[in-house]
Structure formats: C-alpha cells, structure tokens
Amino acid sequence: MEPSVSVRDLRISYGALDVIDNLQLDITPGEFLVLLGPSGCGKSTLLNAIAGLIDISDGEVWISGKNVTWDEPKDRGIGMVFQSYALYPQMSVEKNLSFGLRVARHSKKDIAERVSRAAEILQIEPLLKRRPSNLSGGQRQRVAIGRALVRDADVFLFDEPLSNLDAKLRVDLRVEIKRLHQRLRSTMIYVTHDQIEALTLADRIAVMHGGEIQQLDEPLTIYNRPCNMFVAGFIGSPAMNFFDGRLVAGQDGPIFEGQGFATGLAGYDGNGPLPVNRDVILGVRPEHVLFDRDAAGQPAEVEAVVELEEPMGADSLVWLTYGEAKLSVRCASGKRYRPGDRVPIAFDITRASIFDTQSEKRL
Amino acid sequence: MTAETQPRGRKPRRLTASRIGIYAFLVFAAAFFLLPFYVMIVTSFKTMPEIQQGNIFGLPTDFTLKPWSTAWAHACTGVNCEGIRVGVLNSFEIMIPAATLSILLGAINGYALSFWRPRGGNLIFAVLLLGAFIPYQVYLYPLVRMLSKVSLYNTLPGIITVHVIFGLPVMTLLFRNYYVAVPVDLFKAARIDGGGFWTIFFQLMIPMSGPILVVAAILQVTGIWNDFLFGLIFAGRDHLPMTVELNNIVNTTTGTKAYNVNMAATILTALVPLIVYFVSGRWFVRGIAAGAVKG
C-alpha cells in the first residue's frame, strides 16, 4: 500500500548544524503515529517540515502520493493543532473555524455545513459565538482541533496539543483524540514528550533522539523490547533499572554476572543467541522485578534493603539498595515497607533487556 | 476597649513625612508645568492695554475674544494677513497622509521582519535603526538635492515623503517588537489555513494591533504636527504647516507685539497634540504596557 506520508532522505540544517540528517519515515494511511522524544530531539522540527512551515535542506516529503516538498502548507492537505492553541484572538470561534475556508473562497453553504459538522463532532456548538479569550484551555484546544477538522485534511498534525492543559483535562482530551481517530480514520502524526500519551494513542511510536529515529514500532514492542539503552531509559516511569555486568558461559547457556549477584538467562527474548565474555548491561523494569513473596523460591533470589516507599494508590513504588546498586520496584499496595527492611528480590528474565555496554544496543 | 489594639485585619495607612514630601513635590511640579499654560490662556483673553499694565497672572478684567478671531483669520505673516487658518489646513494635509503611510509601512515592515524573516532582514533592520540615530541635520542638504532632482522639492508629496521616511525607523521598531511577542504558532496556523502575506497581515495581525496602533498614531500625529524644520525646508510656500505659520506670525516685526494674538495662535497650534494626549493618554499607557498577546 502506498504510504500516506513519506519522508525521504530528509536533512534539515541551521547553518553548519544538521538538526536532522538523512531521516526516512513512511506512515501508512489511517495510522496514528507518535513522534516521541525529549525536548530538542528534532520531533517538532520534523513535524514542521512535514507541514511545510520550515525550509528543508535536502530530501523529499510526499503526502497522499504527491511530492509536496516545494508546496505551500495550505496545498499539502494537512490540518495542524498547536500546543499554544494558536486561535485567532480577534475572531469568534465560528470565524476561527471558517478562516481557512473563507480564505480558500468556499461557498457560504459549504462553510456552514463543515463548521457545524466539526462543532458537532467536538461538541462545541454552544461556543460558536464566543471569543477564544472567553474559553477554558480545554475548550480552546477543542476549537483548535475543530479548525484542523473543517479542512477535511488527509493528514492531521498535532504538535504537543495537550501539554498546556492540566492533568485531568489532558486525560479527557487524550481519550477524545483517540475516539476522533477511530471515527475519522485519517492519518495522524502526533508529537509529544509524554510517554503515556504516546503509549496510549499510538499505532506506532517513533522514538527520536539527536535528530534520529531510534526505534519505530508498536507501543508494546517499544516498551518490552527497546532496541537500545536510550529507548529503554526514556520509556517507562520510573525508568528501567540498569545493572552493569558481564555475560559468562554457564551450564545451561550464558549467565549474567552482576556486582554481587548472578542470574541465569533462561527464557530471555533476545535478538539471537547471546554471546559470552562480553560486558553488558541488564535492564529490568520496576514492574518486572519480583519482590518479597513473589521472589521467594526464584532462582537468583537476592536480598535488598528498602530505602523508601512511595505509595501511589493503585500500587506502590519501593526504592531499594542492593550492594552498590539502587533499583526501584513496583508492587501491589497493601503491605507497607519501612526503610531498612530486608526483602528478597529476583528478576523476571523473560521480560528483561540486555544491552551491549559498548554499542548500547539490545542483544 | 484598650488603647493598644492587636494587629488584625487591614493594616492602617499612615500619612508619613516622606509621603507628604512626595505629594508636595508632585503638586509643585504640576504647577510648574501648568503655570505657563495658564498665563497663555488668560493673556489670550485680555486686551492689549490690559496686558501692558503688566499683571500677567491676573484674570482678564476686560474679557475679549478678539485676539482669537484675529489669530485665526487676520494675523499677518509677512505680507499675507489671512491668519493661522491657512496653516491648519496645510498641517492636516501633511499630517494625515504622512502619519497614515508611515504607520502602515512601519506595520508592514515589522510584520515582515518578525514573521516572514526575509533573507538579510536583520541587516535591513540594523541599517534602518542606525538611520534613526543619525541627526536629521546631516540629511537635510542631500535630501533637498535629491528631492529637487525628482521634482518633489517644495511640494506636498515631497514633505509627506520626507515625514514617511523619517518616521519609518521608529515605526518599524515599534511594530517589530510588538509582533515578536505574538506567538509564532498563530502565524503558522494561519499559513496552514492558507493565509498569504496580505491576508495574514490585514485579517489577523492588524486586528490584533489595536494598542500599538494607538501608540504609533500618537507618536506620528504629534510628531508630524509639531515638526517645524522639515516643514520650513521641504513644504514650499503653499504648504507651510501651522508651526511655521505661527513662527511667522509671532516674529512679524511691524508694530507692537500683539501678545494676546500670539498666545491665541500658539494655543490654536497646540490644540491638535493637546486633544490627542487628552483623548488617548489612557490608551497610550495601555499600549506601552501591553505585553504578550493572549490568544
């Protein structure tokens, strides 16, 4: 199938500095793709390049089978939603929605139809006569989405649309954007630094760092099988626990020898057979550390000391020290732990990740 | 009730010595600036004999409107005795197009520099600003030569052009700084919506520019109205602005000096800036203080 959006050999540079160098990205029609990364990773730059809002230095941008590299933003068949809402302050909501259509000289009837349809979808009909300054943050962002909607675009671009909203509204609107995507089935590209947004919304996530796509995959694959240390550390909160160590040969295949503990690696979901005599880093997410009663009787059970506990309602986060290493564990809430308690832990190797110390790539 | 009350509720304000001092200074300063204006007004309603008695602070005993009508219609500038009314018309003819054009061009410049960022835009802006800091006198003679080469010297379009050129640096700076504070996302959204250079300027930016337009209008209207030098040099005999006419009336050397007429003519000349300040003072402060635009 022909990709809905295709970015080929993209290079963007400011002076001598390449912000993005030789980037390739294909997005299938109807896909919800999230560009995820820390600030300064080039994700917004990439989005702006797709929108045609910044000049690119090299490469091509294709949208719906058309080379739009030199086209104006309005001719690319896109709608865009910004973090700062970017509503026109002197126009009513209705005028905000219809601005683009009026500029393009659509008929009055057509404009009215499209505006009322968008208003109905987003449930902003009662707000149509108001000015943006009289709207709440959530309402403003709905209007901004509506403005993208009336354009009947093939591709919707979202530039951190929820970052200015408070926590509760963010969750509400997140669900709404997902619903919108299920209803419209348009291609959507969504930039965020919030991994929860990325994991909940995306069909595929592109994790970006230093102007490069580190990994492009389905959310759960990214979460469970991060391709390198950056992705592993960036996704997941609290972050994955890392242990320095070495792979050595054992009776039943390789063994991980950490500082003060060793564990067999039976069931490890690797990219191939594990090498031996190699310095590696073992990564285990807090929820994949077996803890207390769960750890009892497991192979490679060790004893760690509780440093502090953070109860979070549904579950608790316990910070432990084990020799020199510090690690966090997610466990069911209920039993309370006090600093200094000694508890057994073990690692769920089937869901762990092993990275080469040199290349930081997953083995 | 005890005399000593516990601190509770709103803290009482006391009139301290320093506060009295501040008020006294402010009242004195206000009087200092208002006194000349007071003298001008009362003198303009006095007859010449009364003025010659020398009591300049006294209210007019023999109230008369004659100086005003003379100043308006009969005061002599050299050989012409048509009063200051000719100058009023000339001043409006110069001020209205010059202020409008310089504000419009400044706004376009500021908008283009903030949002479209043409290549070399920063250099152009720097050169423009540099121009604002060089004393006008330096330009006078070259400008005279240049304007006479294109037959604009001593014409109405000529003086308007001069005012527009000299207004541009400050106007551009004013609008550029205002538009720089406008979120760039707004501009991007309008671009996606299909707005071109002029659509975005007239439909989006100008409606958002209310406060700064007022500031620009005050600066240009009063600035151009009060101008003397350019008017004298570039306007030509038929278009001399009110300020130059006033100077001619006041400095006419035949006969005794008609102080009452001179005062009336001066107040008439100052009337436009005065009205502008009174009407828009509030807006002026608001415009200067207006920071980021909330959307």
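If neighbour count is taken as other Cβ atoms inside 10 Å, put A:227, B:81 in order from fewest to most.
Values: A:227 20, B:81 13.
The order, fewest Cβ neighbours first, is B:81, A:227.
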**OP:** Please give the calculated 222 nm ellipticity per residue for the protein assembly as shown, where each DSSP H segment of at least 4 residues contributes -39500 (n - 2.57) and the sum is spread over every residue; nearest 500 deg cm²/dmol?
**Re:** -13500 deg cm²/dmol
Original post:
Can you run phi through the Karplus equation (6.51, -1.76, 1.60; θ = phi - 60°) for segment A:268-275 and list ³J(HN,Hα) in whole Hz, with x for Gly and Pro?
Top reply: 5, 8, x, 7, x, x, 6, x
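Within chain B, what's the longest stretch lacking trypsin sites (Lys or Arg not before Pro) that sit in DSSP loops with no more than 10 other Cβ atoms inside 10 Å? Working shown, then result.
Working: sites that count: B:8, B:10, B:13, B:14, B:119, B:294.
After excluding every exposed loop site, the longest remaining stretch is B:120-293.
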Original post:
Once amide H atoms are placed 1.01 Å from N in the peptide plane, what residues at a sequence separation of 5 or more from residue B:47, or on another chain, have their amide H within under 5 Å of its amide H?
Top reply: B:62
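Please compute the contact order of chain B in relative form: average sequence separation of alpha-carbon pairs under 8 Å and at least six residues apart, divided by the residue count, as a percent. List each step's numbers first, then the result.
Details: 308 pairs, mean separation 82.0, N = 295.
Computed over chain B, the figure is 28 percent.
Which longest uninterrupted range of chain B lacks any GluC sites (Glu not before Pro) assigned by DSSP to a loop state (not H, G, I, E or B) and surrounded by at most 16 other Cβ atoms within 10 Å? Mind showing how you got there, number by number?
On the way: sites that count: B:4, B:82.
Here the longest run is B:83-295.
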Original post:
Which of B:89, B:75, B:143 sits farthest toward the positive end of the charge dipole of segment B:65-166, with +1 on the Cβ of Lys and Arg and -1 on the Cβ of Asp and Glu?
Top reply: B:143
Subject >> Stretch in chain A that is longest and holds no trypsin sites (Lys or Arg not before Pro) that DSSP places in a loop and that have at most 13 other beta carbons within 10 Å >> reply: A:186-334
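Cα gyration tensor of the protein assembly as shown, axes a ≥ b ≥ c as square roots of the eigenvalues: rounded (a/c below 1.5), prolate (a/b > b/c) or oblate?
On the way: a/c = 3.08, a/b = 2.19, b/c = 1.40.
Prolate, since a/c reaches 1.5 and a/b exceeds b/c.
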Original post:
Pairs A:108/A:129; A:95/A:168; A:129/A:178; A:168/B:188: which are spaced more than 25 Å apart, C-alpha to C-alpha?
Top reply: A:95/A:168; A:129/A:178; A:168/B:188
Original post:
Which angle from 0 to 90°, rounded to the nearest 10, does the C-alpha axis of helix A:93-103 make with the longest principal axis of chain A?
Top reply: 70 degrees
Original post:
Can you pull out the chymotrypsin sites (Phe, Trp or Tyr not before Pro) in segment A:156-200 that DSSP calls coil and that have at most 12 other Cβ atoms within 10 Å?
Top reply: none
**OP:** Scan around residue A:58 for amide H atoms under 5 Å from its own, H built in the peptide plane at 1.01 Å from N, and keep only partners 5 or more places away or cross-chain.
**Re:** A:11
**OP:** With everything on Cα atoms, drop me the angle between helix A:167-184 and the longest principal axis of chain A, reported from 0 to 90° to the nearest 10.
**Re:** 70 degrees
Original post:
Residue farthest toward the positive end of the dipole of the protein assembly as shown, with Cβ of Lys/Arg at +1 and Asp/Glu at -1: which of A:124, B:25, A:331?
Top reply: B:25
Original post:
What is the fewest-to-most order of A:32, B:278 by other Cβ atoms lying within 10 Å of their Cβ?
Top reply: B:278, A:32
**OP:** Mind checking which of A:233, A:17, A:177 is farthest towards the positive end of segment A:5-234's charge dipole, using Cβ charges of +1 (Lys, Arg) and -1 (Asp, Glu) about the Cα centre?
**Re:** A:177
Subject >> Alpha-carbon centroid distance for the pair segment A:152-221 / segment A:105-136, whole angstrom >> reply: 24 Å
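Going by how many other beta carbons lie within 10 Å of each one, how would you line up A:353, B:114, A:57, A:107, fewest first? Please list the in-between numbers first.
Details: A:353 26, B:114 20, A:57 14, A:107 9.
Taking fewest neighbouring Cβ atoms as first place, the list is A:107, A:57, B:114, A:353.
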Original post:
If you take the square roots of the eigenvalues of the alpha-carbon gyration tensor of segment A:258-363 and sort them as a ≥ b ≥ c, do you get rounded (a/c under 1.5), prolate (a/b over b/c) or oblate?
Top reply: prolate
Subject >> Relative contact order (%) - criterion: Cα under 8 Å, at least six apart; region: segment B:17-64 >> reply: 32 percent
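How much length is gained on full extension from residue A:294 to residue A:55, taking 0.36 nm per residue of separation minus their Cα-Cα distance? Each step should come with its number before you reach the end.
Details: separation 239, 0.36 × 239 = 86.04 nm, distance 5.56 nm.
This chain segment gains 80.5 nm when fully extended.
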Original post:
Which of A:91, A:208, A:229 moves the most in a Gaussian network model of chain A with Cα springs under 10 Å?
Top reply: A:91
Original post:
Taking amide hydrogens as modeled 1.01 Å from N in the peptide plane, which residues meet the under 5 Å criterion relative to residue A:213, leaving out close sequence neighbours?
Top reply: none
Original post:
Is chain B rounded, prolate or oblate when judged by the Cα gyration tensor, a ≥ b ≥ c being the square roots of its eigenvalues, rounded requiring a/c under 1.5 and prolate requiring a/b larger than b/c?
Top reply: oblate
Original post:
Based on the alpha carbon coordinates of chain A, what radius of gyration and maximum Cα-Cα distance (Dmax) apply, in Å?
Top reply: 24.5, 78
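Quick note: the coordinates plus some simple rules give every number you see, no bench work behind them. Note that the structure is predicted; figures quoted are calculated from it, not measured. All Cβ positions, even for glycine, are placed from backbone atoms using ideal geometry, and neighbour counts span all protein chains on display.
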